[in-house]
Every structure is written in C-alpha cells, then in structure tokens.
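Shown next, in structure tokens, is the structure this report addresses.
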Amino acid sequence: MTIIWWAALIGLAVAIILILSRLNPVYALLMGTIVGALVGGASLAQTVDIIVTGAQSVMGTVIRVLAAGVLAGVMMESGAADAIARAIVEKMGDRFAILALTLATMIITGVGVFIPVAVLIVAPIALEVGQRMHISKLALLVALSGGGKAGNLISPNPNTIAAAKGFNLELSQVMVADFIPALFGLAMAVLLATLLRHKGTQVTEADIAQQQTTTKDIPSLKTAIVTPLLAIILLLINPMGNILHLKALQSFQVDAMYILPIAGIVGTLAMGKASHLLDYMKAGMNRMTDVVLILIGAGSIAGLIGASNLPSQVVSLVKASGISGTFLAPISGILMSAATASTSTGVILATGSFSKP
C-alpha cells in the first residue's frame with residue numbers, strides 16, 4: 001500500500017519532536033515511523049513490514065560503517081592524526097596559520113576521523129598558534145569546524161558511505177566527486193575565520209595550560225601517513241582506471257568494506273604498534289556503535305517515506321515553484337539533517353527518498 005504524504009510528514013514530525021525532547025534518537029525515529037504508518041492507514045503487520053524493509057535498506061551501509069571503524073580507531077587512538085596535524089601546521093608556518101589549521105582539520109577528518117574528534121586533536125595546536133598570532137577563539141573555532149565540514153565531504157565516513165549506497169555508487173566515486181566542493185568549503189572557512197580574526201575573546205596562557213598534551217606516543221609522520229595514504233590509493237585505483245580507460249585498473253573492484261580495515265591494520269604495523277591493534281579496533285567499534293543504531297532508525301523512517309507518495313509530492317512542488325531540480329538533493333539533505341539533528345540520518349532520509357529516478 002501507499003502511505004499518504006501528510007501521514008509521512010506527521011511521522012517525521014513526531015520523530016523530530018521526540019528527538020528534541022531528548023528521547024534516544026533511535027527510539028524517536030522508530031516511534032515516528034510507527035505513528036506515521038498507522039496514521040496513513042497501514043495495519044500493525046504492514047507497519048512492521050515498512051520498518052523491516054527500511055532497516056534492511058541500510059544494512060549495506062551499516063556493514064561498511066563498521067568496517068570503517070577499524071581505520072577510524074587506528075587514526076584516533078594511535079596518535080597518527082595528531083602527528084599529521086602537527087606536521088601540517090609546522091610546515092606551513094605562522095604566516096598561513098589559519099589556512100594551516102583549517103587544512104589540518106580538513107585532512108584529519110578526510111582520512112576518516114569524526115569531526116568532534118578531529119577538532120579535539122587540532123584544538124591544542126590551534127590555541128598555541130592563536131596566542132602567538134593573536135587569533136581570537138571565535139576565528140579558531142570557525143577554522144576548525146569549517147575545515148572539519150570540508151573534510152567530511154571527502155571522508156570515508158558514515159555520511160559518504162550512506163550517500164554512495166543510496167545512489168548505488170562506489171564510495172570512491174563519491175569521494176572524488178566531492179573534492180571540488182570540499183575545496184570551496186575550505187576556502188570559505190578560511191575566509192570567514194580571517195574576517196573574524198580579531199573578533200571575540202583572545203587566547204590566554206590559562207587556556208593553553210588547560211590543553212597540555214603529551215607527544216611521547218605520537219608516531220613519526222612517515223609512519224602516520226601510511227594508513228590514510230594506503231586507503232586513498234586503494235580507493236582511487238578503480239576511479240582512475242575509469243578516467244584513464246585502463247582496463248587493468250578498472251578490473252580492481254575491491255569494496256571499501258575490505259580496503260578500510262586493511263589500511264588500518266597495515267598502518268598499525270607500520271607504526272610498530274601491532275600489540276595495540278585490538279584496542280584500536282575496539283575503540284573504533286565503540287565510536288561506530290551509536291552511528292549504526294541511528295542508521296537503523298533512519299532506515300526505518302526512510303522506509304516510511306519511501307512507502308509514501310511524499311517524494312513525488314516534493315518533486316511536483318519543486319517543479320511548480322520553478323526551482324531547478326538540481327537543487328533538490330542539497331535542499332532535501334539540508335532540511336532532513338537540520339530536522340533530525342544528524343547528518344547521517346539526513347543523508348539516509350534524503351537519498352532513500354529522492355535518489356530514485
């Protein structure tokens with residue numbers, strides 16, 4: 001059966017209200033799905049089918065996200081991300097301090113580290129540079145947050161994996177296509193941070209004292225870059241083969257589910273930290289658990305929207321308003337992410353509803 005569009009909206013609204021009421025997002029999304037389906041005329045059995053079908057649609061994404069946890073765990077827990085960030089800032093110098101901090105956060109996020117973790121990694125370095133160059137805390141925050149968002153576009157993270165799965169594309173194809181938008185995001189973050197350089201509170205000695213870090217366990221840059229470099233090379237082999245029309249490269253069709261863990265394991269061996277591999281994998285799995293649960297909840301409500309005529313109604317509205325259909329994807333992604341307070345959930349809902357021809 002087809003659920004009426006306004007019933008799907010009611011279900012989505014219920015989920016949003018429950019999320020804002022601080023109910024666990026997974027339960028909120030499931031409750032929204034149940035309410036929307038029942039209001040739309042579905043029976044109890046049909047409602048279960050909608051939830052199961054929606055959850056099944058994200059299982060491919062879930063598996064790849066869990067695999068990405070190995071790479072993320074290695075980068076975050078081994079000190080590799082910290083080593084890369086410090087090297088970037090030191091090489092670019094104080095003259096390009098804002099660009100260096102933004103680029104460092106972008107690259108750290110781009111190799112699979114979550115934005116909040118990337119910001120925490122770069123923050124102590126940013127405070128040191130900020131005090132020395134008289135850059136305000138507000139400007140530093142904009143630089144790190146903007147760099148993280150830019151890196152998120154090209155990162156093998158749950159958002160990119162969900163988008164690739166939703167449009168039946170390879171993860172590497174999405175990462176390559178997002179490179180130019182990521183550069184624009186980087187440029188905008190640097191511009192805004194530069195304009196805000198002298199706005200707000202300045203960094204003090206007390207701020208730096210609170211952010212004291214130890215560097216004794218940080219690996220060398222040469223070994224730290226093995227994990228991200230190997231992952232990027234393996235992910236880009238097939239797309240480069242398609243661009244250059246080289247059959248040998250085109251025949252290399254290895255899924256990210258294999259590539260990301262392999263890169264993490266090889267990188268751990270290169271850093272001489274093989275004895276810590278299980279700890280890194282456990283940490284990565286813990287980081288991904290909440291994401292996976294949210295993806296399942298998002299899949300259920302995406303199943304509700306997919307079983308309704310809401311997508312066709314939205315397309316009709318866009319056509320009637322005269323807005324180019326090109327804007328449908330970004331508009332739907334922005335609205336869904338803002339409504340659910342989760343980028344991953346927003347991507348699942350947007351791609352699940354509007355990726356169909």
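The values are calculated or read from the model by the stated rules, or taken from the named source; none is laboratory data. Everything quoted here is computed from the prediction, not taken from an experiment. Positions of Cβ are backbone-derived with ideal geometry, glycine not excepted, and every protein chain shown enters the neighbour counts.
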Q: For VAL74, indicate whether it is within 25 Å of LYS282 (Cβ to Cβ) and crowded, with 22+ Cβ neighbours inside 10 Å.
A: yes
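Return yes when ASN152 is modelled with pLDDT of 80 or more, assigned to a loop (DSSP other than H, G, I, E, B), among the polar types (S, T, N, Q) and not assigned by TED's automatic domain parsing to the domain that holds ILE294 and no when it is not. Can you show your working first?
Numbers: modelled with pLDDT of 80 or more: yes; assigned to a loop (DSSP other than H, G, I, E, B): no; among the polar types (S, T, N, Q): yes; not assigned by TED's automatic domain parsing to the domain that holds ILE294: yes.
So ASN152 does not fit the description; no.
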Q.
Out of the residues in the range 84-130 meeting the condition of being touching a Ser or Thr at 6+ places or on another chain (Cβ under 7 Å) and not hydrophobic (A, V, I, L, M, F, W, C), tell me which one is farthest from ASP217 (Cα to Cα).
A. GLY110
Q: Just name the residue that is modelled with the lowest pLDDT out of those in the range 205-237 that are among the β-branched types (Val, Ile, Thr) and assigned to a helix (DSSP H, G or I).
A: ILE208
Q. Taking the range 313-331 on its own, how many of its residues are within 23 Å of GLY297 (Cα to Cα) and at pLDDT 75 or above?
A. 2
Q: Sort out which residues of the range 91-108 are among the small types (Gly, Ala, Ser) and part of a helix (DSSP H, G or I), and write them in order of number.
A: ALA97, ALA100, ALA104
Q. Among the listed residues LEU12, LEU18, LEU44, which satisfies the condition of being over 23 Å from the mean Cα position of the chain (by Cα) and either under 20 Å from VAL347 (Cα atoms) or surrounded by 22 or more Cβ atoms within 10 Å (Cβ to Cβ) (or both)?
A. LEU18
Q: Looking at (1) part of a helix (DSSP H, G or I); (2) farther than 16 Å from ILE305 by Cβ; (3) in contact (Cβ under 8 Å) with a residue 60 or more places away in the chain, find the lone condition where ILE51 falls short.
A: (2)
(Q) Residue under question is VAL119, and the condition is that it be closer than 30 Å to GLY54 by Cβ and assigned to a helix (DSSP H, G or I); does it hold? (A) no
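Let's see how each residue does on (1) closer than 30 Å to LEU278 by Cβ; (2) basic (Lys, Arg):
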{"position": "ALA80", "(1), (2)": "yes, no"}
{"position": "ILE84", "(1), (2)": "yes, no"}
{"position": "LYS91", "(1), (2)": "no, yes"}
{"position": "PRO116", "(1), (2)": "yes, no"}
{"position": "GLN131", "(1), (2)": "no, no"}
{"position": "LYS137", "(1), (2)": "no, yes"}
{"position": "ALA143", "(1), (2)": "no, no"}
